[in-house]
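The values are calculated or read from the model by the stated rules, or taken from the named source; none is laboratory data. Bear in mind the structure is a predicted one, so any value in this text is a computation, not a measurement. Quick reminder, even Gly has a Cβ in these numbers, built from the backbone with ideal geometry, and neighbours come from all protein chains shown.
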Amino acid sequence: MLKKIKDVTAEPQKRLFGLLPEEIKTLMGDLGQKSYRGVQLTQALYNQRIIGLEEITVFPAALREDLANAGYTVGLPEIVQAARSVDGTERYLMRMSDGETVETVWMPDGDGGERGDGSEASLEEEALDGLEGNISEFGQAAGKRDLRNVGALEQKGYRRATICISSQVGCAVNCQFCLTAKLGIKRNLTAGEIAGQVVAVLNRHGIKIGKDRINLVFMGMGEPFLNYDEFIRSVELLVRHIGIPESRMTVSTSGIEPAIRAFAQEPLRPKLALSLNASNDLVREQVMPITRKWNIAQLLDAVQTIPLGKREWVTFEYVLLGGVNDQPEHAREVLDLLKGMRAKVNLIVWNPGPGIAYTQPKPEDVAIFQKMLIDAGMPAYIRRPRGRDIYAACGQLKRTVDLPEAAALVEIAPAASRRG
Ligand code: SAH
Ligand code: SF4
């Protein structure tokens, strides 16, 4: 059913970004170097966040040359185009070293009350940190402090930001409502390319890990669980080496049952969001043909094998499609499905895209749907669309530079690397 995906990881790895410390150590050994050089290179790649070999100033010039002569590059994805939405969201076209491109989205966010970007899993943590309050109060608080000691986000009056990253070039899953599906699948991204999107965006905004609060959502182009090993390896890079805790990451899957079961066993595990999107198999088969392979019951069964932390729940995403899955009977079915589970539902109003024959749900139907869930005791949020004017919202990523003429957007030149 799913097209065979080109395995880029089988090709010789000449990009340093993405290598794990033990691999870097081996590489330095092969070049006749002592192991501390490996430690230095690891630090340069993941802490210093270098973009070129010339920045490894702790290395003698001859060693940098040796690396370059052997064909090694840092190999971070490069932001080749950026568009900024009226709501502050930025959408980037990222070019990989072979010229393939994917999209990555930056969502600065100063409103702890909103449930806007899929990363709300970490909101409780923020509340516990005593960070509740509105932006202006926060901005004032920041103003009283020495700004040299605060992160780049805080200086701009934001409390956090979320980066939405892609896991594949295109997608094989063919959900009928999604623009990415129209591309088909080109190839998997490597772990370095997945984590590299994050680093490219961190560099652009001068983000200081440890000072700035960054959330990640694996909700861009592609199905992360169909590129499972590289996805997991990217989590390892991001958590252990770049320093973003897994509690601030959420991965969304369309429902690859065996991968959900494997995920339940992982030592490093982001939070999980399952794209339910329908209240019964019949409707789900229409909108997500992959349901024929793994039905709702199988998926819910697999999801329940995930050991949940104290303040953890499973998120079910539910894209509301006008007249298709947004009626009261559907809300009742969703409640039946999720009964007894530590779950919450993220309702996503369908974002339109060219050539997709759905309609948006009526606002009153969205409100009724949400109220029915909440009244029955199921937490339900409506995800605020981010960057819809620049085609950066859920399901609108399609590796394109075409933008609707009416959109209010600012084209911005790729910024020079600015690191914190
Ligand atoms: N492939 C993964 C992650 C990327 S899609 C998945 O499908 O879960 C992230 C979320 O966007 C999913 O919940 C998906 O159902 C939703 N989505 C896709 N197209 C959409 C659209 N046009 N409007 C709103 N949400 C959409
Ligand atoms: Fe792929 Fe997710 Fe889009 Fe479905 S919704 S086609 S799985 S990116």
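Counting only residues that are within 16 Å of ligand 2 (Cβ to nearest atom), free of Cβ contacts under 8 Å to residues at least 60 places away in the same chain and under 28 Å from Arg311 (Cα atoms), segment 355-384 holds 0 of them.
Residue pairs whose Cβ atoms lie under 6 Å apart, separated by 6 or more positions or on different chains, with the first residue in segment 227-246 and within 24 Å of Asp212 (Cβ to Cβ) and the second in a loop (DSSP other than H, G, I, E, B) and among the polar types (S, T, N, Q), are Phe231/Ser167. Restricting Gly206, Gly222 to those that are on the phi > 0 side of the Ramachandran plot and either assigned to a strand (DSSP E or B) or within 16 Å of ligand 1 (Cβ to nearest atom) (or both) reduces the list to Gly222.
Conditions (1) within 18 Å of Ala161 (Cα to Cα); (2) among the hydroxyl-bearing types (Ser, Thr, Tyr); (3) surrounded by 23 or more Cβ atoms within 10 Å (Cβ to Cβ), marked per residue:
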residue	(1), (2), (3)
Asn203	yes, no, no
Lys211	yes, no, no
Phe218	yes, no, yes
Phe225	no, no, yes
Glu236	no, no, no
Thr253	no, yes, yes
Pro258	no, no, no
Phe263	no, no, yes
Pro270	yes, no, yes
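For first residues located in segment 192-215 and in contact (Cβ under 8 Å) with a residue 12 or more places away in the chain, partners that are part of a loop (DSSP other than H, G, I, E, B) and among the polar types (S, T, N, Q) and lie 6+ apart or on another chain with Cβ distances below 6 Å form the pairs Ile194/Ser167; Asn203/Ser417; Asn215/Ser119. Out of everything in segment 309-319 that is out of contact with any Leu (no Cβ under 6 Å at 6 or more places or on another chain) and surrounded by 14 or more Cβ atoms within 10 Å (Cβ to Cβ), what residue ends up being farthest from Cys175 (Cα to Cα)? Checking each candidate, the answer is Glu312. Against the list (1) more than 15 Å from Ala161 (Cβ to Cβ); (2) away from ligand 1 (no atom under 12 Å from the Cβ); (3) not in a helix (DSSP H, G or I), the condition Gln176 fails is (2). For segment 320-333, the tally of residues that are surrounded by 19 or more Cβ atoms within 10 Å (Cβ to Cβ) and either part of a helix (DSSP H, G or I) or outside the structural domain of Lys182 (by TED's automatic domain parsing) (or both) stands at 2. Of the residues that make up segment 284-292, is at least one away from ligand 2 (no atom under 16 Å from the Cβ) and outside any helix (DSSP H, G or I)? No: segment 284-292 contains no residue that is away from ligand 2 (no atom under 16 Å from the Cβ) and outside any helix (DSSP H, G or I). Report yes if some residue within segment 232-240 is within 16 Å of ligand 1 (Cβ to nearest atom), out of contact with any Gly (no Cβ under 9 Å at 6 or more places or on another chain) and within 26 Å of Leu41 (Cα to Cα); otherwise report no. Checked against the condition, which is being within 16 Å of ligand 1 (Cβ to nearest atom), out of contact with any Gly (no Cβ under 9 Å at 6 or more places or on another chain) and within 26 Å of Leu41 (Cα to Cα), segment 232-240 yields at least one hit.
In this structure, Leu183 qualifies as surrounded by fewer than 24 Cβ atoms within 10 Å (Cβ to Cβ) and either touching a Lys or Arg at 6+ places or on another chain (Cβ under 9 Å) or modelled with pLDDT under 55 (or both). Just so you know, in segment 39-84 the residues that are in contact with a strand residue (DSSP E or B) (Cβ under 9 Å, 6 or more places away or on another chain) and assigned to a helix (DSSP H, G or I) include one that is nearest to Met28 (Cα to Cα), and it is Leu67. Just the residues that are within 23 Å of the chain's Cα centre (by Cα), assigned to a helix (DSSP H, G or I) and within 14 Å of ligand 1 (Cβ to nearest atom), please, taken from segment 260-283. Selection gives Ile260, Phe263. Taking the condition of being surrounded by fewer than 21 Cβ atoms within 10 Å (Cβ to Cβ) and at pLDDT 95 or above, how many residues in segment 102-119 meet it? Residues in segment 102-119 being surrounded by fewer than 21 Cβ atoms within 10 Å (Cβ to Cβ) and at pLDDT 95 or above: 0 in total. In the condition set (1) part of a helix (DSSP H, G or I); (2) within 24 Å of Lys14 (Cα to Cα); (3) within 16 Å of ligand 1 (Cβ to nearest atom); (4) out of contact with any Leu (no Cβ under 7 Å at 6 or more places or on another chain), Arg187 is compliant with all but (1).
Hey, does segment 336-346 have a residue that's within 16 Å of ligand 1 (Cβ to nearest atom), among the hydrophobic types (A, V, I, L, M, F, W, C), closer than 26 Å to Gly387 by Cβ and in contact (Cβ under 8 Å) with a residue 24 or more places away in the chain? Within segment 336-346 (the criterion being within 16 Å of ligand 1 (Cβ to nearest atom), among the hydrophobic types (A, V, I, L, M, F, W, C), closer than 26 Å to Gly387 by Cβ and in contact (Cβ under 8 Å) with a residue 24 or more places away in the chain), the answer is yes, since at least one residue qualifies. Against the conditions (1) at pLDDT below 95; (2) over 17 Å from Ile194 (Cα atoms), Thr9 satisfies every one except (2). All conditions in (1) among the aromatic types (Phe, Trp, Tyr); (2) in contact with an Asp or Glu (Cβ under 7 Å, 6 or more places away or on another chain); (3) away from ligand 1 (no atom under 14 Å from the Cβ) hold for Trp294, with the sole exception of (3).
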